[in-house]
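Everything on this sheet refers to the single structure shown next.
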Amino acid sequence: MKIITVSYRLPLSIKKTKGKAKITQSAGGLATAVLSYSAKSNVNLTWVGVADFDKATWDENKDNYDRNFDIEPVFLEKQLNRKFYNVFSNSVLWALFHYFPSFVEYTDEGFEAYKRANEIVAEKINSIYEPGDVIWIHDYHFLGLPKLLREYQPNAKIGYFLHIPFPNFEIFRILPNKAKKYILEGILGSNVAGFHTWDNTIHFTECIEKILGIPHKNFLFSQESHRTKAGSFPISIDFDKFHDAYDKENVVALRNEIKGLYGDKKIIFSVDRLDYTKGITNRLKAFEKFLEKYPEWSEKVVFLLVLVPSREEIKKYGERKKLIELNVGRINGNMGNYKWTPIVYQYQPVNFDKLIALYTSADVALISPVRDGMNLVAKEYVASRKDLRGGLILSSMAGAAKELKEAITINPFDAEMIAEKLYYTLNMGEEEQERRLERMQRYLKKHDVFRWAEKFLTEIETIYQHDTKASDMKGDAQTILS
Ligand code: ADP
Ligand code: G6P
């Protein structure tokens, strides 16, 4: 028995420059979480995803990537992949599901490519599937996949997990009817449909009821071939990995370097993929407001803004980048001086050790998405603070805010409020920092990524076994009656 985990993004990316291949780890919450799980668990795992490299590059490099799982790359034709990923997945689903309806650019061509790509991936999975396997499908790129796989393998154990918000009915209904139906029926092909929060789960069940007219009983939808259980499974992190990294030799050296650079100045830190959902422009404006409102903090604070390049081919991402850079320049020009740069901006990825050094140097982590399924950065910051120092400011629009109750929560649209909370957190006493972090760490240590995966996989097994027993009993009853 194996677990076939399916996501658009494989855990690795291979880019070739001047004939030389460079392998990097994929960014984002999904890859981080599933990689952490597979690294420590003893399960037999095969990862299916869309390759960002060609077959020859894969054949040359597949043995140069250290892993304890198999990888089955799917090679999509370039134009199809572009329409599937850029045009429908990211310019329709990502925008709409994050409540940016005005960013949605729907085209039938994009939708058709999305369906075709789901079919190709379904064929691939079917070719490696063996009875008893569990198929674990991830995220908004593969909303049609559970149904397609159910058609191939009526008795398969299929779990679907959405890593982004599921929007409410009023937002979801904006999609053309055929797309709405495809998505909802698609997810209903699974035995378990998982979301980060109960709000998302309720949105999903409401959409099923209102659009497909299928009622649920305790979040269970009964269909002829199987039942689908919808539920909340908040994703998490490998707590120990982040906590223990505090003492790593390289991390200590990097932390000393960062602290040495900024001396007595307090450090505000944030790291995100450059994405319009992350509230980066709001964050910058709020920081500016903070400096205006509390001029005594001038030259006493520095904001380290790390943005990881993401989806650069999509227009809205390019536009957002320009806007962010305009704001950084404007604020630094207006508020800074020849001795002090208020915002230190990096548009490049950081490796794990640097990330931990930054987390553990920061007096404040300022995380302000305008909409986020979970936000793992918030959890990672808390876990990494073995020293129990620092404060977390977190948007109430992130799924993580439902769990990290000791965070200082903000409305990401309210610059005045963020400025005040920044002032509060920068002045927070050590006792309060410890109390808040300790409670959140206790929670995260228990609710880690392993628990998330186990709970989800166990739920698939439970629903599946129950349905199998029920259908056996039905069969027996029919035999007795006949
Ligand atoms: P999203 O999934 O929308 O990008 P999250 O905050 O949930 O947002 O997850 C971001 C993840 O990406 C975190 O686990 C973070 O540690 C990770 N990350 C940040 N920088 C990099 C990087 N350079 N390479 C790989 N992963 C990164
Ligand atoms: C989010 C999504 C993932 C995605 C990641 C990075 O975490 O939920 O599905 O992989 O962002 O985005 P990218 O488009 O580069 O895969």
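Coordinate-derived values only; no laboratory data. Quick caveat, the model's predicted, so the values are computed rather than measured. Using ideal geometry, Cβ is built from the backbone for each residue, glycine included, and neighbour counts are taken over all protein chains shown.
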Original post:
How large is the Kirkwood hydrodynamic radius of the range 1-113, in angstrom, based on all distinct alpha carbon pairs?
Top reply: 15.7 Å
Original post:
Under the Kirkwood approximation for Rh and a Cα-based Rg, what ratio Rg/Rh is obtained for the range 287-430?
Top reply: 0.94
Subject >> Estimated translational D of the range 345-478 in µm²/s (Stokes, Kirkwood radius over Cα pairs; 20 °C; 1.002 mPa s) >> reply: 125 µm²/s
Subject >> Where labels lie 7 Å past Cα in the beta-carbon direction, separation of GLU119 and LYS20 in nm >> reply: 4.3 nm
Subject >> Two-decimal Rg/Rh across the range 274-324, once Rg and the Kirkwood Rh are taken from alpha-carbon atoms >> reply: 1.08
Original post:
Simple spin-label model, 7 Å along Cα-to-Cβ: ASP244 to GLU430 in nm?
Top reply: 2.8 nm
**OP:** Taking the dipole about the Cα centre of the chain, with the C-beta of Lys and Arg at +1 and of Asp and Glu at -1, give me whichever of PHE450, TRP297, PHE242 is farthest to the positive side.
**Re:** TRP297
Subject >> Long-range tail of P(r) for the chain (Cα pairs > 35 Å, %) >> reply: 34 percent
**OP:** Quote the FRET efficiency, to the nearest 0.05, computed for GLU299 versus ASN411 with a Förster distance R0 of 35 Å and r equal to the Cβ-Cβ distance.
**Re:** 0.80
**OP:** Choose one of ALA365, PHE352, LEU326: the residue whose Cα lies farthest towards the positive end of the charge dipole of the range 305-384 (beta-carbon charges +1 Lys, Arg; -1 Asp, Glu; about the Cα centre).
**Re:** LEU326
Original post:
Measuring from a point 7 Å past the Cα of HIS466 along Cα-to-C-beta, which residues in the range 128-160 have an amide N at less than 18 Å?
Top reply: 156-160
Original post:
Most exposed first by the Cβ proxy, i.e. fewest other Cβ within 10 Å, how do ILE202, ILE128, ILE324 rank?
Top reply: ILE128, ILE202, ILE324
Original post:
In nm², what is the average projected area of the convex hull enclosing the Cα atoms of the range 217-334?
Top reply: 13.5 nm²
Original post:
Toward the positive end of the charge dipole of the range 95-194, about the Cα centre and with charges on Cβ (Lys, Arg +1; Asp, Glu -1), which of TYR140, ALA193, HIS163 goes farthest?
Top reply: ALA193
Subject >> the chain: calculated mean residue ellipticity at 222 nm from DSSP helix runs of at least 4, using -39500 (n - 2.57) >> reply: -14000 deg cm²/dmol
**OP:** Would you kindly state how much longer the chain becomes between ASP199 and PHE219 on full extension, computed as 0.36 nm times their sequence separation minus their alpha carbon distance, in nm to one decimal?
**Re:** 5.9 nm
Subject >> Label zone at LYS40, where the point sits 7 Å out along the Cα-to-Cβ direction: the range 228-248 residues whose backbone N lies under 12 Å >> reply: 236-245
